[in-house]
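All remarks here apply to the structure that follows.
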Amino acid sequence: DAGVTQSPTHLIKTRGQQVTLRCSPKSGHDTVSWYQQALGQGPQFIFQYYEEEERQRGNFPDRFSGHQFPNYSSELNVNALLLGDSALYLCASSLWQAGNTIYFGEGSWLTVV
Amino acid sequence: ELKVEQNPLFLSMQEGKNYTIYCNYSTTSDRLYWYRQDPGKSLESLFVLLSNGAVKQEGRLMASLDTKARLSTLHITAAVHDLSATYFCAGSQGAQKLVFGQGTRLTINP
């Protein structure tokens, strides 16, 4: 049973560029949430997708956008990258109707230079 | 708006000792989660606490929830080096949106 998978694992981008991160949820899960974790901090909720719609959003600017596909996988897009966007981006997977346990992927380390 | 605070933020302890990490939250939370994170790694789910008085145990770790006091605790019994990690608690408000505490960096020395 595959867990939550994310790609790429590490990437380096230049200020002003755009990045796309990808996530496949755990088998059987239908809900994907994205979190940003800066070094030494707790994860911060970015947004959540269910049934291909954004259901909840945290306090992040419109530069952060996402998408969920019919197979429940998801993408996180960040435009006009800033140095402060450097962080670990975590994808979380759960069941919408019975989300007792929320599983996290290994994350994508983004460095903006 | 839900806020979650953990203390202590840093904890250095000797093997074999017992200690407790505290997690306070500001308003009603649907559930209370505990996660472990090793350096450079993702979050490993430890416990999900659903109701007042809930207690869960796994090995040397035990978590409890007091919804009236808005407090959860993670108790470590007879610590071993392998438990060194950062521990996060998180509350949730509606549809699994997690609000994390700052984390407690635990170091267990021989």
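Is it the case that B:ARG36 is at pLDDT 95 or above, farther than 18 Å from A:GLN44 by Cβ and touching a Ser or Thr at 6+ places or on another chain (Cβ under 9 Å)?
yes
Does any residue of region B:77-86 turn out to be within 11 Å of chain A (Cβ to nearest Cβ) and under 22 Å from A:LEU39 (Cβ atoms)? Scanning region B:77-86, I find at least one residue that is within 11 Å of chain A (Cβ to nearest Cβ) and under 22 Å from A:LEU39 (Cβ atoms), so the answer is yes. The numbered conditions (1) touching a Leu at 6+ places or on another chain (Cβ under 7 Å); (2) open to solvent by 50 Å² or more (accessible area, probe 1.4 Å); (3) within 12 Å of B:GLY103 (Cβ to Cβ) are all true for B:ARG36 except (2).
Each residue in region A:68-108 was checked for being more than 14 Å from the chain's Cα centre (by Cα), touching a residue at least 12 places away in the same chain (Cβ under 8 Å), within 14 Å of another protein chain (Cβ to nearest Cβ) and open to solvent by 10 Å² or more (accessible area, probe 1.4 Å), and 2 of them qualify.
Which condition breaks for B:LEU2 when tested against (1) more than 15 Å from the chain's Cα centre (by Cα); (2) surrounded by 13 or more Cβ atoms within 10 Å (Cβ to Cβ); (3) free of Cβ contacts under 8 Å to residues at least 60 places away in the same chain? (3) is the only condition that B:LEU2 fails. Restricted to region B:49-100, and to residues there that are part of a strand (DSSP E or B) and acidic (Asp, Glu), the residue that is most open to solvent (accessible area, probe 1.4 Å) is B:GLU58.
The values are calculated or read from the model by the stated rules, or taken from the named source; none is laboratory data. The structure displayed is predicted, hence computed values, not measured ones. All Cβ positions, even for glycine, are placed from backbone atoms using ideal geometry, and neighbour counts span all protein chains on display. SASA here: full protein model, heavy atoms, side chains in, ligands and nucleic acids out. Shrake-Rupley method; radii C 1.70, N 1.55, O 1.52, S 1.80 Å.
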